[in-house]
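Heads up: the structure comes next, in structure tokens.
Computed from the coordinates by the stated procedures, all read-outs in this text should not be read as laboratory data. In this text, all values refer to a predicted model and were calculated from it rather than measured experimentally. A quick note on method: Cβ atoms are made from the backbone with ideal geometry, for glycine too, and the neighbour counts reach across all protein chains shown.
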Number of protein chains: 6
Amino acid sequence: MRENKLRTLWIGGKRATNVWLAVPAAYSTEIIAHQGFDSVTIDLQHGQGDYASMCAMLTAVSTTASVPLVRVQWNDPGEVMRALDAGAYGVICPTINSRAECERFVGACRYAPLGYRSVGPNRAVLYAGGDYLAKSNETVLAIAQIETADGLKNVDEIAAVKGLDMLYVGPSDLGLSLGREARMDQTDPIVVAAIDKVLATAKAHGLAAGIYCVSLDYANAMFAKGFDLVTVASDAGLIAAGAANLQRQIKTI
Amino acid sequence: MRENKLRTLWIGGKRATNVWLAVPAAYSTEIIAHQGFDSVTIDLQHGQGDYASMCAMLTAVSTTASVPLVRVQWNDPGEVMRALDAGAYGVICPTINSRAECERFVGACRYAPLGYRSVGPNRAVLYAGGDYLAKSNETVLAIAQIETADGLKNVDEIAAVKGLDMLYVGPSDLGLSLGREARMDQTDPIVVAAIDKVLATAKAHGLAAGIYCVSLDYANAMFAKGFDLVTVASDAGLIAAGAANLQRQIKTI
Amino acid sequence: MRENKLRTLWIGGKRATNVWLAVPAAYSTEIIAHQGFDSVTIDLQHGQGDYASMCAMLTAVSTTASVPLVRVQWNDPGEVMRALDAGAYGVICPTINSRAECERFVGACRYAPLGYRSVGPNRAVLYAGGDYLAKSNETVLAIAQIETADGLKNVDEIAAVKGLDMLYVGPSDLGLSLGREARMDQTDPIVVAAIDKVLATAKAHGLAAGIYCVSLDYANAMFAKGFDLVTVASDAGLIAAGAANLQRQIKTI
Amino acid sequence: MRENKLRTLWIGGKRATNVWLAVPAAYSTEIIAHQGFDSVTIDLQHGQGDYASMCAMLTAVSTTASVPLVRVQWNDPGEVMRALDAGAYGVICPTINSRAECERFVGACRYAPLGYRSVGPNRAVLYAGGDYLAKSNETVLAIAQIETADGLKNVDEIAAVKGLDMLYVGPSDLGLSLGREARMDQTDPIVVAAIDKVLATAKAHGLAAGIYCVSLDYANAMFAKGFDLVTVASDAGLIAAGAANLQRQIKTI
Amino acid sequence: MRENKLRTLWIGGKRATNVWLAVPAAYSTEIIAHQGFDSVTIDLQHGQGDYASMCAMLTAVSTTASVPLVRVQWNDPGEVMRALDAGAYGVICPTINSRAECERFVGACRYAPLGYRSVGPNRAVLYAGGDYLAKSNETVLAIAQIETADGLKNVDEIAAVKGLDMLYVGPSDLGLSLGREARMDQTDPIVVAAIDKVLATAKAHGLAAGIYCVSLDYANAMFAKGFDLVTVASDAGLIAAGAANLQRQIKTI
Amino acid sequence: MRENKLRTLWIGGKRATNVWLAVPAAYSTEIIAHQGFDSVTIDLQHGQGDYASMCAMLTAVSTTASVPLVRVQWNDPGEVMRALDAGAYGVICPTINSRAECERFVGACRYAPLGYRSVGPNRAVLYAGGDYLAKSNETVLAIAQIETADGLKNVDEIAAVKGLDMLYVGPSDLGLSLGREARMDQTDPIVVAAIDKVLATAKAHGLAAGIYCVSLDYANAMFAKGFDLVTVASDAGLIAAGAANLQRQIKTI
């Protein structure tokens, strides 16, 4: 089975970059996947991807060595399994608030006896290889997003769920849920403390830790702080920021 | 009929920005159209748009004040008319090499007696208003791309075609066709001279002049030189450049 | 933030028209949205829209002043949030049978602390404006469909859910659930009494009331009865009725 | 091979109804095809259909007895053949101005030795039957649209092209080309005379005659005048007219 | 209402063939539906179909007499209802583990008072006829997939759910769940015994029984054993097997 | 630049297999591309692919070592260039009847000074590498289809066109054009002689020769006869043949 390069990086003590994909187009996906980022995340929650565009985008990523992750719309077993069957090498599940929710999610990522994932990896065998059934349980990543006060409160028991691989911080929702601002690149002490708690809990349980960032400086700071996977940009953000930057500097006369 | 803001700008002595769209997605289009550029070009030649995505992208642009242009795949009357019927406020036709080719193109943009455009402006009436048939001949732009040695040789008689509104320089093809490099932001004296000739010819015939650029500096220089419409970026370019820039500066450890 | 014209109308003592969209095409949507109806509903339950066509249709509606509503497939938080993120200015949730179901639904429509909607309004910020996060809770509409015997029984406690904006009657399901006929434009006294009860309950709780109609006369009667939003037609119905009418009157010889 | 019901009707001395399809959706197509019209026309010129939606719409029509016609974007052999391969039982070609243009068009509709259509009827054999190659030349319809002053001038030699089956009047373009108004349901004496000439020429050459109408009365008048196929409505027109009619009669209070 | 040919076959003491569809394309669907199989299954769980392609594929199947079934992604009422509204004549629900799960599923397939299916059969009335509401409860098939140790343990009470029509064996998941191999065409005695138990339980409750096979011999053996519906192949399997067979026998020199 | 494996094979004295793709789906394409065939052909003429599905299919092929070819709809420069820009490593042009037609086609495949291909290889640079502009002229294949009496008559001058790489026989059209049967795997002596002439002409001009086959035996015979590329199957054919084979052997009781 094709290795999961993220696992390989982490085993080697390295960190991984990630780019978020909100534009449901194979072409923009393929451009980004060719830039050398360690992984990309096809976002089915707040991005505009759906199942059909996800398949097209996973195919586009498969032309490169970038590891394809999918953030599902919600903690729905059918949707989680579909993402994996289509060749995702990891699933990020939003808004995990409790151990039970995490078990439901992780179970959907694992074949029996570790979970209840149904057998039928249609594109996954093309992408990963013929021994997919035997090795996928130890290859694909199950990633729980911690982004609420409840998730934070229960983060230790969430992290203890067998088969979970990573805690991923959603800073904007986390801020809002804690009664602070809904923004990225948080500097609010209360939210920063919460982020640090998630990071520490992940480490304590031998899990990887990830976080979403929008500025280069903040992303570099998160690497320095110890995060294993840092989302450093999104396709929509690159377009908007690049365009706004031009608008400021163009002198039409 | 909704005004063509490009004409209004030029009449007022102003210049217009333009962004090129190669990603066939309404969402990325809508993001860019909201950044305040005067116009966008949906590229059906070297972009990945086709008729269906063009319609979706034109609809996305219609939520803003940005003027939607379409570059057609080739000088084909059916395709030119289809772009206009769908609501394009201007068509850029690639590789115009002669007066006859230009007449064929411009004729497809104009209703009788000025041309032979067939009547059936399906989306255009929604976008432009109920008086579309009466006013479209004087509103929508016919833009000939000059990008070959032949086009350059015949540029004067091309510019003389009645109903043509703009000459648009394709620097990469023009360079290659002149035996120089196929690149944007040309500084090769031979190609620069050719570009200047196109600009001067446009001005001599009372036409607008446009050009495709990739760097901010070159774009500003082209505005300074007198071009009326300058393509200052593309969606694919913004993504690739932004991503490459990040890659250089990210410090994963 | 762009106002919600439906709220504005109601505050001004006015009523609102609505057209139902079952055909998953941006073009037919744009035609209808240009006819001046106060709102349209993209139907993901019994219409043929899905997430991708919903995005295209929301974009088409955004070219007009018509307010875009979405009826979701089922009371699923992920789907409700996705509709709002894409720019819906209201969500209609089918088959609300109890207070708990209504709370689950309304919570998905509201950011903390009023609900648990996740932050990521991708198209919504383009449509509504940069202050979306601050103002969306008081702008977008949460609409519960009352269409079962259980929903009717519990209508008072459903209407009491904080953050709910409207009760919307589904006459066909309501009739069937009450052991009567599954039809629109109900005249069966038992169903009419149920409809009146929903209307009265909405008014008692300070909510708006809506209902689906198929004939002009019934729609006008519902406005006269006091409904604040009346669905007066559907795209599929307009096509079928218009075509059937023609078939009756065409004389081929 | 499945019969062409239009030919059967005409042989039996009957006339045929037709509905125009501009909305690129299989669902609206299937609704209309179930209303009992003798034929439908998928419009790739002024409608929003393209090759992919045409295939979907042809499939939808194939669930009924309505005969599927396609109007191509332009007189392009590749496009004409593709429509037939996908199962169209007739092709309408816009803007036929001369005998040569008509021969180019009709040749693309016929296999050797009658024409130069390339062999590969992918969906057509599913729709029509295994003997498609043997019988399609005498089954599918080649229909030339007469809608310009040139077409009118040369209508007799156009009608003489072997293998042509019908002359179809495009009233709006014809009016404009003759220096009159670009409108449907023409009553201008000059345009009416032109229409009559096309009809008479068709009859003189043993061809069928068709025309596009928008009002019921005009359509009935055209049947009475002797047209063999009359387009009595379009999907977009049904939607717009039905919606406008409602708008006039709705009393929101 | 159009009969459900599967019911007719079974009433007549006959068995039914089925082909699985994983490729989300109307064209490949239409090819297979024309081969004379009694039924096809559009797979939304492990196939690449989604709602939009399912609609297109159901339309393609509607051009033939083959009965269209849909396997839904998960036991979700909204999704089950959507498949039926679009014209599926039966729904296969994966991973039914208990009576409660089966009731939830079957209830979504039946209108009140037998279930809680919501009224709005958009395409279904086109496919089935105007009396759909009155007759669909006794026409469309509700099929529970038994493919886990829990499902096997509870198979008797699952089979007792009123309104259920068939038990369908998923051999691969069943094997894995029983601690054996995840493979089709099971010969492992433990799994074979489980399959036999499902078959016997179906018969004891007067239900039909179905099973997924990949080889011709195994499929024939399952018919001989008494299964009423046997999936004999999939589109993806036909392509892969045919291609692999060619690869073995081609002699390039 | 990524090598063109077909050229490498031929230089090494080897022959190449090819599979035809008529189903416009990335998934079936990816399945076939993983079977180890040397090349595939995405058919835009008689297959159901269009530009958008071609891009998706090219992306799917790019995950494998199989060489992607595209057969265009017609000899249209814009379409030829678009296929190459999207990453096709060869274009097959149907119905080349004369030297002039061949020059028009080959010119569209080559950058100046060898041809007039316009610069803008959007996906091609992702697939092939950053030196695409410099090396594509010697890498991508220009393939003329000989399939008419005229093409046969002029085959020598067609083969002499500089830059042409292969003559490809379309046996069905060729048979029909010669007054024989329109069928594959021709055994008619007149058509066989024509095929042999095309093969010999290709060899005489140092070009590769290719042919479309449907049976394994015929394909092997064509390899034995000296063809350099043999189309050994199509996706649609594999599905239909596999399904028909099953139908013959299934014993439902």
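May I ask you to evaluate 6.51 cos²θ - 1.76 cosθ + 1.60, the Karplus curve with θ = phi - 60°, for each residue of segment B:71-76 and list the ³J(HN,Hα) values in order in whole Hz, giving x for glycine and proline?
Each residue's phi maps through the Karplus curve to give 9, 7, 5, 6, 6, 10 Hz.
For C:V169, list long-range residues whose amide hydrogen, built 1.01 Å from N in the peptide plane, is under 5 Å from its own amide hydrogen.
Under 5 Å from the amide H of C:V169: C:I146, C:G210, C:I211, C:Y212.
What whole-number distance in Å separates the alpha-carbon centres of segment D:156-214 and segment F:25-46?
46
Any aspartates and glutamates with Cα under 16 Å of the A:K203 Cα? List them, leaving off those in the same chain fewer than 8 positions away.
A:D156, A:E157, A:D165, A:D228
So what's the Cα pair-distance distribution over the protein assembly as shown, bin width 10 Å, in %?
1, 8, 16, 21, 23, 18, 10, 3, 0, 0
Strictly over 27 Å apart at the Cα level, which of D:K5/E:K14; A:K135/F:K251; B:K135/B:K162; F:K162/F:K197 would you flag in this model? Numbers along the way, then the final one.
Working: D:K5/E:K14 36 Å; A:K135/F:K251 38 Å; B:K135/B:K162 17 Å; F:K162/F:K197 20 Å.
Those over the limit are D:K5/E:K14; A:K135/F:K251.
Under 5 Å between amide H atoms, partner at least 5 residues away or on a different chain: which partners does F:A112 have, H built in plane at 1.01 Å?
F:R117
Check which residues have an amide H placed less than 5 Å from F:L141's amide H, if you skip close sequence neighbours.
Result for F:L141 returns F:G90, F:V91.
Average the reciprocal distances over every distinct pair of alpha-carbons in segment D:140-238, invert the result, and give the Kirkwood radius in Å. Write out the running numbers ahead of the final one.
Working: mean 1/r = 0.0749 Å⁻¹.
So the Kirkwood estimate lands at 13.4 Å.
Taking θ = phi - 60°, what integer Hz values does the Karplus form 6.51 cos²θ - 1.76 cosθ + 1.60 yield along segment B:226-234, in sequence order, with x for Gly and Pro?
x, 5, 8, 9, 10, 7, 9, 5, 10
On a C-alpha basis, how far is the centre of segment F:109-136 from the centre of segment D:66-140 in Å? Whole number, if you could?
Here the two parts' Cα centres lie 35 Å apart.
Can you pull the mean other chain C-beta count within 10 Å for peptide F:101-109?
Numbers: counts 0, 0, 0, 0, 0, 0, 0, 1, 0.
Averaged over the peptide's residues, the number is 0.
I'd like the Karplus ³J(HN,Hα) series for segment E:5-21: coefficients 6.51, -1.76, 1.60, θ = phi - 60°, whole numbers in Hz, and an x wherever there's a Gly or Pro.
Values, residue by residue: 4, 5, 4, 4, 4, 5, 4, x, x, 9, 10, 10, 8, 8, 10, 8, 10 Hz.
Write down the Kirkwood hydrodynamic radius of segment D:185-253, to one decimal in angstroms, obtained as one divided by the mean of 1/r over all alpha carbon pairs.
Working: mean 1/r = 0.0723 Å⁻¹.
Computed over Cα pairs of segment D:185-253, the Kirkwood hydrodynamic radius comes out at 13.8 Å.
Computed over the Cα atoms of segment F:1-80, what is the convex hull's projected area averaged over all directions, in nm²?
Result: 5.6 nm².
How big is D, in µm² s⁻¹, for segment F:1-160 by Stokes-Einstein at 20 °C and 1.002 mPa s if Rh is the Kirkwood radius over C-alpha pairs? Could you put the intermediate results ahead of the total?
Values: Rh = 15.7 Å.
In µm²/s, the coefficient rounds to 137.
Once you have the alpha carbon radius of gyration of segment B:80-159, what is it after dividing by 2.2 N^0.38 Å, with N set to its residue count?
Working: Rg = 13.3 Å, N = 80, 2.2 N^0.38 = 11.6 Å.
Against the empirical 2.2 N^0.38 Å value, I get 1.14 for segment B:80-159.
Report the FRET efficiency, 1/(1 + (r/R0)^6), for A:H205 and E:K162, where r is their Cβ-Cβ distance and R0 is 35 Å, rounded to 0.05. Could the numbers behind the result be given before it?
Numbers: r = 47 Å, r/R0 = 1.34.
The calculated FRET efficiency here is 0.15.
For chain F, which DSSP H helices look membrane-span-like by this rule: Cα extent along the axis of 20 Å or more and mean Kyte-Doolittle of at least 0.5?
Numbers: long enough: F:189-204 (22 Å, 1.30); F:235-249 (21 Å, 0.12).
Within chain F the helices that satisfy the rule are F:189-204.
Rounded to the nearest 0.05, what FRET efficiency do F:R99 and D:K5 have when you use their Cβ-Cβ distance and R0 = 51 Å? It would help to have the intermediate numbers written out before the result.
On the way: r = 45 Å, r/R0 = 0.88.
Calculated transfer efficiency: 0.70.
How high is the relative contact order of chain C, given as a whole-number percent (alpha carbon pairs under 8 Å, six or more residues apart)? Please list the in-between numbers first.
Working: 512 pairs, mean separation 44.3, N = 253.
Here the relative contact order equals 18 percent.
Which order do peptides F:189-200, D:236-247, A:224-235, E:229-240 fall in by mean Cβ count within 10 Å, highest first? Kindly include the intermediate steps, with their values, before the conclusion.
Numbers: F:189-200: 17.2, D:236-247: 19.3, A:224-235: 23.5, E:229-240: 25.4.
Top to bottom by mean Cβ count within 10 Å: E:229-240, A:224-235, D:236-247, F:189-200.
Among the trypsin sites (Lys or Arg not before Pro) in segment D:1-38, which ones are in a DSSP loop with at most 15 other Cβ atoms within 10 Å of the Cβ? Mind listing them? Please list the in-between numbers first.
Values: sites: D:R2, D:K5, D:R7, D:K14, D:R15; in loops: D:R2, D:K14, D:R15.
Sparse-neighbourhood loop trypsin sites (Lys or Arg not before Pro): D:K14.
What residue among B:G130, B:N154, B:F227 has its Cα farthest toward the positive end of the dipole of segment B:5-249, where the charges are +1 on Lys, Arg and -1 on Asp, Glu, each on the Cβ?
B:G130
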